[in-house]
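Coordinate-derived values only; no laboratory data. This one's a predicted model, so the numbers in the text were calculated from it and none came from an experiment. Glycine also receives a Cβ, built like all others from the backbone with ideal geometry; neighbour counts cover every protein chain displayed.
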Amino acid sequence: MLMPDRMLARARLRWFLGQVAVVAAGVFCYFQVRGLTAAAPASAFAHARAVADLERHVHLDLEATVQAPFIATAAGQTVVNWIYIWGHWPVIIVTMAWLAWRHRRHFLRLRDAMLVSGALGLVVFVGFPVAPPRLADGELMDTVTASSRAYRVLQPPNFVNQYAAMPSLHAGWDLLVGISIATAAAWVAVRAIGWVLPVLMSVAVVATGNHYVVDVVAGLALALVGYAAALLLERRRDHRAAAP
């Protein structure tokens with residue numbers, strides 16, 4: 001007969017592996033749908049012009065200003081490229097694994113927030129495709145393509161929809177991950193990483209030419225909608241657990 005501690009360890013491992021399967025399936029479906037719903041270029045570029053016009057109207061057309069200091073040197077390009085590439089999926093995977101193993105409540109909150117915001121993001125990708133500024137604005141540099149190949153390893157071309165600039169879930173999901181790290185971590189230094197992470201990513205997605213400033217604003221807002229939905233789902237779980 002198994003000892004109670006071994007039974008608990010096995011149950012914990014089964015739950016962990018089950019959640020890995022759920023998240024992996026969700027990510028796979030997200031990228032497959034995102035990659036298969038690429039819009040006609042004419043529509044995506046027309047929407048990009050509309051976004052650029054809106055930014056000029058509200059004085060948020062800051063893409064060139066944000067990018068300029070980073071493209072001035074090879075080191076600057078490397079910094080924003082590495083934040084954009086390695087500060088997203090690798091950080092998400094490590095954080096979710098840590099939370100699932102050590103902080104189940106925070107994991108479920110992050111999982112639900114990402115699933116909800118990802119589903120809403122897919123609706124926007126399909127209904128309002130937007131070409132990124134690196135394609136729509138000839139004055140901006142595509143720093144990732146120009147000086148890095150790692151992104152194509154992490155996200156193969158068949159998983160990528162280049163007309164899915166709006167909203168920026170790079171920024172939005174890093175916000176959710178940052179909130180999770182900042183609220184779950186015990187060490188102040190680790191919590192600080194959580195608060196800094198979404199700021200760095202918000203700068204990097206614009207500096208690399210992958211998103212307009214408005215895309216970032218939309219991504220952060222959508223992430224917060226997902227987080228609010230996750231809190232509601234959490235309350236429902238708590239209510240069911242407390243029910244006699």
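Compactness of the stretch 54-116 is given as radius of gyration and Dmax, 17.4, 47 Å, from Cα positions.
Full extension of the segment from THR183 to TRP101, taken as 0.36 nm per residue of separation minus the current Cα-Cα distance, would add 28.0 nm. Taking label points 7 Å from Cα along the Cα-to-Cβ direction, ALA241 and THR65 give a separation of 4.6 nm.
Between ALA75 and GLU139, the FRET efficiency from the beta-carbon distance, with R0 = 30 Å, is close to 0.85. Label separation (ARG6 vs ALA119): 4.1 nm, computed from points 7 Å beyond Cα along the C-beta direction. For a paramagnetic label modelled at 7 Å from the Cα of GLU234 toward its Cβ, which residues of the stretch 159-194 fall within the zone defined by backbone nitrogen distances under 17 Å? Answer for the stretch 159-194: 173-186, 191, 194. Within the shell defined by Cβ-Cβ distances under 14 Å, the residues around ILE179 carry a net charge of +1, with Lys and Arg each +1 and Asp and Glu each -1. In the stretch 4-242, the C-alpha radius of gyration followed by the widest Cα-Cα span (Dmax) gives 18.7, 65 angstrom.
Rg and Dmax of the stretch 181-226, both derived from C-alpha coordinates alone, stand at 12.5, 36 Å.
What's the extension gain from PHE28 to LEU54 if we count 0.36 nm per residue and subtract their Cα-Cα distance? Could the numbers behind the result be given before it?
Values: separation 26, 0.36 × 26 = 9.36 nm, distance 3.33 nm.
Here the segment from PHE28 to LEU54 would lengthen by 6.0 nm.
Estimated from the Cβ-Cβ distance and a Förster radius of 35 angstrom, the FRET efficiency linking ALA42 and LEU17 is about 0.15.
LEU60 sits among other residues whose Cβ lies under 12 Å from its own Cβ, and their net charge, with Lys and Arg +1 and Asp and Glu -1, is -4. Look at where the Cα atoms of the stretch 178-200 and of the stretch 92-151 average out, and the two centres are 18 Å apart.
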